[in-house]
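As structure tokens, the structure follows; a few thoughts come after it.
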């Protein structure tokens, strides 16, 4: 694929990511994706021959990789595990607030809407969550309860994002950060 093809594909994925983060799977209709990306309809079908679920699945994975990369950057900056988790919460909170409370977790909306009915989307969401959990587990490797604690922290972060978006407030993120710090003591 040439540079123009790659750019068109990226525009389609960017538009889809924006639409699913702000309006969910159902808010990311193919006509909306085409309009938001400015890509020709034929390009959509060329790059994503398996249709909307392929497009959304790749967008979810891509968004998950971006959050994963931010987690890796935070993990590489040193500091304690508590500081790492606080940094992740701060990053996600900044992202949420900067979007006008429209962009919570880039995976959760699709997971809630489609994981029970679409195997490809369930798989994409599961892969992203598994990667994030692994990043947390790596930071907790010296603890005998690392597996359970990584899952617990991920669940707390996801719940805090949902509540922060719902309340349009960082307070749920701040409260969860305090509770995670207590868990890690």
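Every read-out reported here was derived from the displayed coordinates using simple, explicitly stated rules and does not represent laboratory data. Because the structure is predicted, anything quoted here is derived from the model rather than measured. Because the Cβ atoms are built from the backbone with ideal geometry, glycine has one as well, and the counts that use them run over all protein chains shown.
Between helix 146-167 and the chain there is an angle of about 60 degrees, using the helix long axis and the longest principal axis of the Cα atoms.
Given the options 140, 121, 12, state which has the largest fluctuation in a GNM of the chain using a 10 Å cut-off (strictly under) for Cα springs. Sorting by GNM fluctuation, first place goes to 140.
In square nanometres and to one decimal, what's the mean projected area of the convex hull around the Cα atoms of the range 3-184?
Directional mean of the projected Cα hull area for the range 3-184 stands at 10.9 nm².
Here the simple spin-label model places points 7 Å from the Cα toward Cβ, and for residue 97 and residue 82 these points are separated by 2.2 nm.
Once you divide the Cα radius of gyration of the range 1-75 by 2.2 N^0.38 Å, the number left is 1.12. Which angle from 0 to 90°, rounded to the nearest 10, does the C-alpha axis of helix 81-98 make with the longest principal axis of the chain? Taking Cα atoms only, the helix is inclined about 40 degrees.
When the helices of the chain are scored as -39500 (n - 2.57) per DSSP H run of n ≥ 4 and the total is divided over every residue, the value at 222 nm lands at -25500 deg cm²/dmol. Nearest 10 degrees is fine. How inclined is helix 3-23 to the longest principal axis of the chain, computing both from alpha carbons? Relative to the chain, helix 3-23 is tipped by roughly 60 degrees. Exposure proxy for 98, 58: other Cβ atoms within 10 Å of each Cβ, ordered fewest to most, give 98, 58.
Counting only C-alpha contacts under 8 Å and six or more residues apart, can you give the relative contact order of the range 3-184 as a whole percent?
Over the range 3-184, the number comes to 23 percent.
Shown is the FRET efficiency for residue 163 and residue 50, computed with R0 = 35 Å from the Cβ-Cβ distance and rounded to the nearest 0.05: 0.50.
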